[in-house]
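Working notes, beginning with the structure itself.
The values are calculated or read from the model by the stated rules, or taken from the named source; none is laboratory data. Since this is a predicted model, take the numbers as computed values, not measurements. Don't worry about glycine lacking a Cβ; one is built from the backbone with ideal geometry, like all the others, and counts go over all protein chains shown.
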Amino acid sequence: MKPLIVANWKMNPSSQKEAEDIFEGIKNGISGTSAEVVVCPPFVFLAELKGLTLGAQNVYSEEKGAFTGEISGAMLKDLGVEYVLIGHSERRKYFNETDESVNKKIKKALESGLKVIFCIGETAQERNEGKKEEVLERQLKQGLKNIELAGVRHPLTSGCLTPASNIKDVNIAYEPVWAISSGDPYKTKELPTTEKVKEISFFIRNLLAKIYNQETAEKIRIIYGGSANSENAQGYLKDAGMQGLLVGGASLSAEEFIKIIKSAE
Ligand code: PGA
């Protein structure tokens, strides 16, 4: 399984020129990498960026029509986009996304032929109240509801079913919300230890095995996100055994992001 290293630029940078500079910088620094690298810029830059696998940061759960301001999976596919982030904590927090809307988006994205990076994670409050496992279980089960993977049905399946998706189309990103940076991944006060992340990744895989089965669960990549940088990347990949990283702040510097990619090789 190739490690998946994803750049989430969020609402950055401010111009096409800067976006192209960062993108070209990354592209030039990683030729021949054995990792799978995906860059998720804001929608408006997607059409002009070429030469690396592209991801979108969001997608709407309907195919087309009167949904002002929204972007469909078909539109993204038409631009050559391969991946989409769904369920990011910032979308849950600022744009009222719920397990239900996340589930609809995952279904529609898979139907449109996009690969999904499904983000889950507990807030500081949920962790402090001892609800981490409960929250992760709820997000995972509800988010994947009615979604068949590699021919295995989700137990909550009822009514319409997403066509059987390739197992490689779904990736889980564990992002403890309290570890996500507000831009500078070197300034975050607290990060999870590699032991904790390893524990959570086992927990998530066991849940996936309960939802689907062991064989299916083993094939799903579980990646880590939250202030990942070139200094801690090795730890999360090698010691915690994560199958990739979702990188926010550090992916806006080509140099820093290249170092992270190299640590995954
Ligand atoms: P960060 O963001 O690396 O800046 O913490 C990660 C994310 O939110 O995806």
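Out of MET75, MET1, MET11, which single residue is over 13 Å from the mean Cα position of the chain (by Cα) and in a helix (DSSP H, G or I)?
Values: MET1 fails: in a helix (DSSP H, G or I); MET11 fails: in a helix (DSSP H, G or I).
So the residue among MET75, MET1, MET11 that is over 13 Å from the mean Cα position of the chain (by Cα) and in a helix (DSSP H, G or I) is MET75.
Can you confirm whether the stretch 143-160 contains a residue that is modelled with pLDDT of 95 or more and polar (S, T, N, Q)?
No, the stretch 143-160 has no match at all.
So, in the stretch 230-254, how many residues would count as being within 15 Å of ALA35 (Cβ to Cβ), hydroxyl-bearing (Ser, Thr, Tyr) and surrounded by fewer than 24 Cβ atoms within 10 Å (Cβ to Cβ)?
The total comes to 1.
Test ILE86 against the stated conditions and say whether it is of a type outside the set (Lys, Arg), under 30 Å from GLU256 (Cα atoms) and touching a Phe, Trp or Tyr at 6+ places or on another chain (Cβ under 6 Å). Give the derivation first.
Values: of a type outside the set (Lys, Arg): yes; under 30 Å from GLU256 (Cα atoms): yes; touching a Phe, Trp or Tyr at 6+ places or on another chain (Cβ under 6 Å): yes.
The answer is yes for ILE86.
Give me the residue from the stretch 237-253 that is away from the ligand (no atom under 12 Å from the Cβ) and either among the β-branched types (Val, Ile, Thr) or assigned to a loop (DSSP other than H, G, I, E, B) (or both) and, out of that set, nearest to GLU20 (Cα to Cα).
GLN243
So which of GLY55, GLY87 is within 16 Å of the ligand (Cβ to nearest atom), buried (at least 21 other Cβ atoms within 10 Å of the Cβ), on the phi > 0 side of the Ramachandran plot and of a type outside the set (Val, Ile, Thr)?
Details: GLY55 fails: on the phi > 0 side of the Ramachandran plot.
Exactly one residue qualifies, and that residue is GLY87.
Of all residues in the stretch 203-229, how many are surrounded by 24 or more Cβ atoms within 10 Å (Cβ to Cβ), farther than 19 Å from GLU265 by Cα and without any contact (Cβ under 8 Å) to a residue 60 or more places away in the chain?
Total satisfying the criteria: 1.
For the structure I just gave you, tell me whether GLU90 is more than 30 Å from SER31 (Cβ to Cβ), in contact (Cβ under 8 Å) with a residue 60 or more places away in the chain and charged (D, E, K, R). Give the steps one after another, and end with the answer.
Numbers: more than 30 Å from SER31 (Cβ to Cβ): yes; in contact (Cβ under 8 Å) with a residue 60 or more places away in the chain: yes; charged (D, E, K, R): yes.
Answer is yes for this residue.
Among the residues of the stretch 114-146, write down those that are more than 20 Å from ILE222 (Cα to Cα) and small (Gly, Ala, Ser).
Within the stretch 114-146, ALA124, GLY130 qualify.
Got a sec? Which of ILE106, ILE120 is within 16 Å of the ligand (Cβ to nearest atom), in contact with a helix residue (DSSP H, G or I) (Cβ under 8 Å, 6 or more places away or on another chain) and farther than 19 Å from ALA254 by Cα? Can you show your working first?
Details: ILE106 fails: within 16 Å of the ligand (Cβ to nearest atom).
Result of the check over ILE106, ILE120: ILE120.
Of the numbered conditions (1) at pLDDT 95 or above; (2) touching a Gly at 6+ places or on another chain (Cβ under 8 Å), THR188 fails exactly one; give the number of that condition.
Going through (1) at pLDDT 95 or above; (2) touching a Gly at 6+ places or on another chain (Cβ under 8 Å) one by one, THR188 breaks only (1).
Looking at this structure, is SER72 of a type in the set (S, T, N, Q) and at pLDDT below 95? Working first, answer last.
On the way: of a type in the set (S, T, N, Q): yes; at pLDDT below 95: no.
No; evaluated as a whole, the condition is false for this residue.
Which of the residues spanning the stretch 26-42 are surrounded by fewer than 16 Cβ atoms within 10 Å (Cβ to Cβ) and either of a type in the set (Ser, Thr, Tyr) or in contact with a Leu (Cβ under 9 Å, 6 or more places away or on another chain) (or both)?
In the first step, residues of the stretch 26-42 are kept if they are surrounded by fewer than 16 Cβ atoms within 10 Å (Cβ to Cβ); the result is 28-29, 31-32, 34.
Of everything in the stretch 26-42, those that are surrounded by fewer than 16 Cβ atoms within 10 Å (Cβ to Cβ) and either of a type in the set (Ser, Thr, Tyr) or in contact with a Leu (Cβ under 9 Å, 6 or more places away or on another chain) (or both) turn out to be SER31, SER34.
Condition first: aliphatic (A, V, I, L, M) and either surrounded by fewer than 20 Cβ atoms within 10 Å (Cβ to Cβ) or in contact with a His (Cβ under 9 Å, 6 or more places away or on another chain) (or both). Now tell me which residues in the stretch 118-138 satisfy that.
Step one: list which residues in the stretch 118-138 are aliphatic (A, V, I, L, M), which gives 120, 124, 135-136.
Listed by number, the residues that qualify are ALA124, VAL135.
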